[in-house]
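Every read-out reported here was derived from the displayed coordinates using simple, explicitly stated rules and does not represent laboratory data. These numbers come from a predicted model, not from an experiment. Quick reminder, even Gly has a Cβ in these numbers, built from the backbone with ideal geometry, and neighbours come from all protein chains shown.
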Amino acid sequence: MSQDVGRGETGGNLPQNRSLLLIALGSNMPSDAGSPVQVLQKAVAEIVQAGAVIRAESRYYVTPAVPAGSGPDFVNAALALEAQWSAVEAITILHGIEAKLGRRRTKRWGARIIDLDLLAVDTAIRPNMAVARQWMALPLEAQQENAPGQLILPHPRMHERAFVLEPLADVAPDWVHPILRKSVIEMRDALPPEARAPIVALD
């Protein structure tokens, strides 16, 4: 795990042609790679192998599955990385790593070996502000039944998920959501205490 946990270099200029990507990682099933923690470690290694430079890696957190009762507790983490990837290239690479590690996309929001979510690429809004806001406003029931047919950035659910924001605060506390105009710390601290309480760091 990164020795720069909690103090990732998220400010300053990026090398030419590189973007800052924020990634959420999660696992609640063992695989050939080992335990969920070992699966996440393998995923990080695969991301580096694909050409990314890790700027900061969060601690690992144990978090209840969402929705409640849908499976074993997850181990979650977050990465801030630099890469010469477009948003579409990034999601393609992440999905390829998921498949390599054994994930099969058969059930939405079910138990899974590995989940790699692209949260943000710099401060890009995709495909546009109106569509991004539409998906951000989708009620929980509709979220469980519908998935966007295109890449939405920033991730439309990141601002309301403690299991995303707690580890993300380790690596990119000052990143500002381009639609909500709030930092990761501000979004995390705006969550109700009962949403944050079950999220426990492993170390």
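Values for this structure:
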{"read-out": "In nm, spacing of pseudo-spin labels at Ala99 and Ala50 (7 Å Cα→C-beta vector)", "value": "1.2"}
{"read-out": "Length added when fully stretched, Ser35-Gln150, from 0.36 nm per residue minus Cα-Cα", "value": "38.2 nm"}
{"read-out": "Segment Asp122-Asp203, length gained on full extension (0.36 nm per residue, minus Cα span)", "value": "26.3 nm"}
{"read-out": "Reduced Cα scattering model of segment 76-203, Debye log10 I(q)/I(0), q = 0.15, 0.18, 0.19, 0.21 Å⁻¹", "value": "-0.79, -1.19, -1.34, -1.62"}
{"read-out": "FRET efficiency estimate (nearest 0.05) - Cβ-Cβ, Ile185 to Glu160, R0 22 angstrom", "value": "0.90"}
{"read-out": "In nm, spacing of pseudo-spin labels at Ala137 and Glu89 (7 Å Cα→C-beta vector)", "value": "3.5"}
{"read-out": "Inter-site label distance for Asn17 and Glu194 at 7 Å from Cα along Cβ, in nm", "value": "5.2"}
{"read-out": "For peptides 23-31, 83-91, 156-164, 50-58, sequence by mean Cβ density within 10 Å, most packed first", "value": "23-31, 156-164, 50-58, 83-91"}
